Every structure is written in C-alpha cells, then in structure tokens.
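For reference, the structure discussed in these notes is given below.
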Amino acid sequence: MPVAAAPVAAAPVAAAPVADGPRAAEAAHSAPDPAAAAPSFAPDEAVLAQRGAYRTLTLTGLRFAVGAGAFDTSGRALLDRVCAALASEAGATFMVEGHVDAGGDADAELALSQDRANSVRGYLVQQCRIPQERVLSMGYAGSLPVAANDTAEGRAANRRIVIEIQPANP
C-alpha cells in the first residue's frame, strides 16, 4: 500500500506591485512566457492536465521493459523535453508517480512501480538538475487504474508515470 507524502503548505500569493512609466513597458517585455517556452507533446508522448491547483503530466510515451524499473533508452529524448517543460516551473515541487497494471503479486507490483518512479525521479534530479528536495517519488502499484485490466490496451494505459506539478504559489 502506498504511503502518502507529507503535504506541502502553500504560501499565500502576494499581489504584484503595479509599475508605470518606462519601467512598466520594460517589465512587460522582459518577463518570460512559460507557455511559449514549454515544449508541446504529442498525445502518444505526454498529456498535460489540470487537477485542482496542480497540473499533471502523464508520460504516455515512456516505456519500460517487462518487470524492469529502468526506462527504455528511447525515453531519454522524451525526458529531456519534460525537463525543458519543467524548467519554467520555478520553485515548484514534483511528485513522480509510478503505476503498473494489476494482476500480479501485490508486493512485486508495488516495488516495481516505486522503482519506475525512482528511475524517473533520478533522471529529473541528475540530468535536469532539479534540486532533489523538490522531486518526490511514490509507487502506487495497480491501485489507481485509469482503464480496465481485462484488455491489453487497458493494461497498457495503466502502466504509466505521472508527474504531479505543485506550483510554488498555487
């Protein structure tokens, strides 16, 4: 059974000061547009969704060998694009969730889902240089299916990595 991570308290959002004159125009043009900087993903690569104050990025294109915790080497290109997308999330924390299809030994499924989440977390910390205290990982085994496990397509949909993005100031 997965152990929930400790909740992170959200800091209140302060109103930005109103600027006028020449500095206002300069500030408007110097602020980066996160939507413009973030790469887009094809649906067979990743799906971004809003879930309350959080956003989730489901990595539909990240593959693992059967029973393996390490992702397929072809996943590096996708994870590099994920890094570019997460770079615009200054101060955010990330929960990497590992999910597998149900039907096997519950303890083995939990360990495998945690290994897969840890593998992606390790990539985000080592290759993307996201501070380790801002990236958590959790294995959920087959406890949160998104499809029925009675078809190959359903089982494939349930084998996934989800990155929950908690903004610094929701």
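The values are calculated or read from the model by the stated rules, or taken from the named source; none is laboratory data. The model shown is predicted, which means the values in this text are computed figures rather than measured ones. Note that each Cβ is placed from the backbone with ideal geometry, even for glycine, and that neighbours are counted across all protein chains shown. For the accessible areas, the whole protein counts, side chains as well, though only heavy atoms, and no ligand, DNA or RNA atoms are used. Shrake-Rupley method; radii C 1.70, N 1.55, O 1.52, S 1.80 Å.
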Does G61 satisfy the condition of being free of Cβ contacts under 8 Å to residues at least 24 places away in the same chain and not in a strand (DSSP E or B)? yes
Odd one out for L48 among (1) in a strand (DSSP E or B); (2) under 16 Å from Q127 (Cβ atoms): (2)
I need the full set of residues from the range 45-58 which are touching a Leu at 6+ places or on another chain (Cβ under 9 Å) and either touching a residue at least 40 places away in the same chain (Cβ under 8 Å) or buried (at least 16 other Cβ atoms within 10 Å of the Cβ) (or both), in order please. E45, A46, V47, R55, T56, L57, T58
Any residue in the range 136-150 that's in contact (Cβ under 8 Å) with a residue 60 or more places away in the chain and under 24 Å from T93 (Cα atoms): show its pairings with residues that are assigned to a loop (DSSP other than H, G, I, E, B) and of a type outside the set (A, V, I, L, M, F, W, C) at Cβ separation under 7 Å, as long as the two are six or more apart or on different chains. M138/P2; G139/P2; Y140/P2; S143/P2
Kindly establish whether R134 is in contact with a Phe, Trp or Tyr (Cβ under 8 Å, 6 or more places away or on another chain) and basic (K, R). yes
With the structure loaded, tell me whether T73 is open to solvent by 70 Å² or more (accessible area, probe 1.4 Å) and either without any contact (Cβ under 8 Å) to a residue 60 or more places away in the chain or part of a strand (DSSP E or B) (or both) or whether it fails that test. yes
Could you tell me which of the residues A28, A24 is aliphatic (A, V, I, L, M), open to solvent by 40 Å² or more (accessible area, probe 1.4 Å) and at pLDDT below 95? A28
